[in-house]
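What follows is a short report on a single structure.
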Amino acid sequence: MAATLQAQLAGRTDDHLRLLRELDKESVQADYPVLVAAAFFLATNRRFGKCDPKTVKSQIIEFVASLRGRTPEATEKIDAHIAERLLLAVLGEGSIADIDDRAVYTTELFLLAGLIADADLNDAELASFITKARAMADEE
């Protein structure tokens, strides 16, 4: 699963889809969202964790607006309010208990892709990031 997520975040769509098809469907449904959540947590903290608490909300709003404006698909599929709430929740502000699990998962995927794209990680850095996310997911 880690290789699948790494391929997705690296923009290697063909590899991602091939690896995804090779995974057990039950594992994908149960475990892949846990890996995505762990990676999302790490990427969010990496990007916003050290921000000034007075400006972090405005920085999150700007990031979400920027991400939604990158592609028509992102504009259509990313609910700005949900995206902002997910990012803030990782930082300990607010709750996402009322948000549907499917909406959380799909929004996390879009946000994670944007966070990683903006981080401009090389292959070794992305591999290290995925290793950390996998270790965190394995603790769950």
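To the nearest 20 debye, what is the magnitude of the charge dipole of the chain about its Cα centre, counting +1 on the Cβ of each Lys and Arg and -1 on the Cβ of each Asp and Glu?
360 debye
Taking a cut-off of 29 Å between Cα atoms, list the lysines near K25, but don't count ones fewer than 8 places away on the same chain.
Cα-Cα hits under 29 Å: K77, K132.
Just going by the charge dipole of the stretch 30-139, with Lys and Arg at +1 and Asp and Glu at -1 on Cβ, which of G114, F129, F63 is farthest out on the positive end?
Going by the Cα projections, it comes out as F63.
Rounded to the nearest 0.05, what FRET efficiency is calculated for K50 and A80 with R0 set to 25 Å and r the Cβ-Cβ distance?
It comes to 0.60.
What is the distance, in nm, between label points placed 7 Å from the Cα along the Cα-to-Cβ direction at I61 and at K25?
4.4 nm
Any idea what log10 I(q)/I(0) is at q = 0.11, 0.12 Å⁻¹ for the chain, Debye with uniform C-alpha scatterers and no solvent?
-0.38, -0.46
R0 = 22 Å: FRET efficiency of K132 with T71, Cβ-based, nearest 0.05?
The value I calculate is 0.20.
Run the helix sum for the chain: -39,500 (n - 2.57) per DSSP H stretch of 4+ residues, divided by residue count, reported at 222 nm to the nearest 500 deg cm²/dmol. It would help to have the intermediate numbers written out before the result.
Numbers: 9 runs with 107 residues, N = 140.
Using -39500 (n - 2.57) per qualifying helix, the result is -23500 deg cm²/dmol.
Could you state the number of Å between the C-alpha centres of the stretch 109-140 and the stretch 13-62?
So the separation of the two Cα centres works out to 7 Å.
Within the chain, which complete DSSP H helices have Cα atoms spanning at least 15 Å along the helix axis and a mean Kyte-Doolittle hydropathy of 0.0 or higher? Please report the intermediate quantities before stating the final value.
On the way: long enough: 32-48 (23 Å, 0.91); 56-68 (18 Å, 0.68); 80-90 (16 Å, 1.30); 101-119 (26 Å, 0.83); 123-139 (24 Å, -0.11).
Span-like helices in the chain: 32-48, 56-68, 80-90, 101-119.
Counting Lys +1, Arg +1, Asp -1, Glu -1, what net charge surrounds L42 among other residues with beta carbon under 13 Å of its beta carbon?
Residues near L42 contribute +1 overall.
FYI, it's all coordinate maths here, none of it is from the lab. Everything numeric in this text was worked out from a predicted model, so none of it was measured. All Cβ positions, even for glycine, are placed from backbone atoms using ideal geometry, and neighbour counts span all protein chains on display.
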